Ligand code: NAD
Ligand code: LMR
């Protein structure tokens, strides 16, 4: 049996739990799937985040090495690695934010839904443990298919009596990251200044970037907007094909996951006006879950923001995505209640 390892910083001038950090409150972040393609760079990025005081890295195997490696970085958080189911409870206990990139990635020719059979079970068992050990944590779901894994998590939490819709998030930040990058390239504007909301879900046509609301504004043709929309929707597949069987986006996803977790931590800490797109329980459309801009606060979701003014092209995209998104949501709910 693998033992958990805890690495404490030992340089003079540090606190018992790592480096002193001014006034930032203590925050524990757990990464489930931390030894994977996303998990490792995401763990690195969370170790660099000064809002984190404790970082728990959990996977079925391989985490002692990842934790030992990351723990040598001279930043605030204390790092601990946990491997195997028997250590999952320890990894989760006291967590403020749990990030879940556990599960299998796509290979060329697969859809995200093709991952359902394996990942649904993984997510279900991890969420069962979250309900038991850290029922109040904010859960950042990365594992695909997000359109189904978030509803699975909600059902698991409901059954356990711990569901709080304000605390469950499907991470769609990578769609926003891509939309910003592709838009900046086409519009020839400074990528660092770009904002683009991306709504709907996280698979193919359910990903709906709202380029009509992009800032800074640019005079792009309908054809250019269509091409940008398609490229954003197919961004994941572009990476899967380029990796040619070696998995899907990991580095850009780690970046996106770190941005979203940071937003959650800022919200928890009372920073005002923290807004990110996320797939959450929603009344924005008739669908029970939907991605849109969300204001984050001390309890997680503070406000789910509406869609704003849409162009005819975006309205068509919205109507077109609803049947697929609803069916993925229902598939997740059915799985959680049948198993
Ligand atoms: P990977 O195979 O490299 O890593 C997955 C890790 O999960 C592995 O280390 C594995 O051991 C671990 N794991 C499996 N079962 C587990 C369990 N029960 N508990 C804890 N850990 C477990 O895969 P990856 O490239 O890191 O991708 C992970 C998931 O993220 C995939 O489902 C992928 O489709 C998804 N993903 C989502 C987005 C998004 O935008 N939401 C982007 C990229 C990838
Ligand atoms: C992505 O958008 O990169 C992820 O959802 C992974 C995938 O399978 O495309």
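Cα gyration tensor of the stretch 148-210, axes a ≥ b ≥ c as square roots of the eigenvalues: rounded (a/c below 1.5), prolate (a/b > b/c) or oblate? Prolate.
Averaging sequence separations of C-alpha pairs under 8 Å and six or more residues apart, then dividing by the length of the stretch 129-269, give the relative contact order as a whole percent.
On the way: 158 pairs, mean separation 29.9, N = 141.
It comes to 21 percent, rounded to a whole number.
Summarising the overall dimensions of the stretch 171-242 from its C-alpha atoms, the Rg and Dmax are 11.3, 32 angstrom. Once the C-beta distance of residue 234 and residue 23 is scaled by a Förster radius of 41 Å, the resulting FRET efficiency is 0.40 to the nearest 0.05.
Taking 8 Å as the Cα distance limit and 6 or more residues as the minimum spacing, I'd like the relative contact order of the stretch 267-333 as a percentage.
Working: 83 pairs, mean separation 17.3, N = 67.
Worked out over the stretch 267-333, it gives 26 percent.
Comparing mean-square fluctuations of 162, 232, 311 from a GNM of the chain with C-alpha springs under 10 Å, the top value falls on 311.
Helix 312-338 against the longest principal axis of the chain: what's the angle in degrees, Cα atoms only, rounded to the nearest 10? Around 40 degrees separate the two axes.
Working out 0.36 nm times the residue gap between residue 160 and residue 226, then minus their Cα-Cα distance, what length gain in nm do you get to one decimal? Don't skip to the answer; put the middle values down first.
Details: separation 66, 0.36 × 66 = 23.76 nm, distance 4.36 nm.
Net length gain for the segment: 19.4 nm.
Taking every Cα-Cα distance in the chain and sorting them into 10 Å bins from zero, the calculated P(r) comes out as 6, 27, 35, 23, 8, 1, 0 percent.
For the stretch 109-197, the equivalent ellipsoid derived from the Cα gyration tensor has semi-axes of 32, 17, 8 Å, listed largest first.
Suppose R0 equals 22 Å; then what is the FRET efficiency for residue 284 and residue 259 from their Cβ-Cβ distance, rounded to the nearest 0.05? Mind dumping the intermediate values first?
Details: r = 22 Å, r/R0 = 0.99.
The calculated FRET efficiency here is 0.50.
With the simple model of a label 7 Å out from the Cα in the direction of the Cβ, residue 246 to residue 334 spans 3.8 nm. Within the listed set 275, 189, 156, the residue fluctuating most in the Gaussian network model of the chain (springs between alpha-carbon atoms under 10 angstrom) is 189. Build a GNM of the chain with springs between Cα atoms under 10 Å apart, and of 325, 287, 42 the one that fluctuates most is 287. Shown here is the pair-distance distribution of the stretch 86-237: with all Cα-Cα distances grouped in 5 Å bins from zero up to the longest one, the shares run 2, 10, 17, 18, 15, 12, 11, 8, 5, 2, 0, 0 percent.
The stretch 231-322: Rg/Rh from Cα coordinates, Kirkwood Rh?
Working: Rg = 15.8 Å, Rh = 15.2 Å.
Here Rg/Rh amounts to 1.04.
Read-outs throughout are calculated quantities, based only on the coordinates presented, and are distinct from any laboratory measurement. Please read all numbers here as calculations on a predicted model, not as lab measurements. Methodologically, a virtual Cβ is constructed for each residue, glycine included, from the backbone with ideal geometry; neighbour enumeration extends over all protein chains shown.
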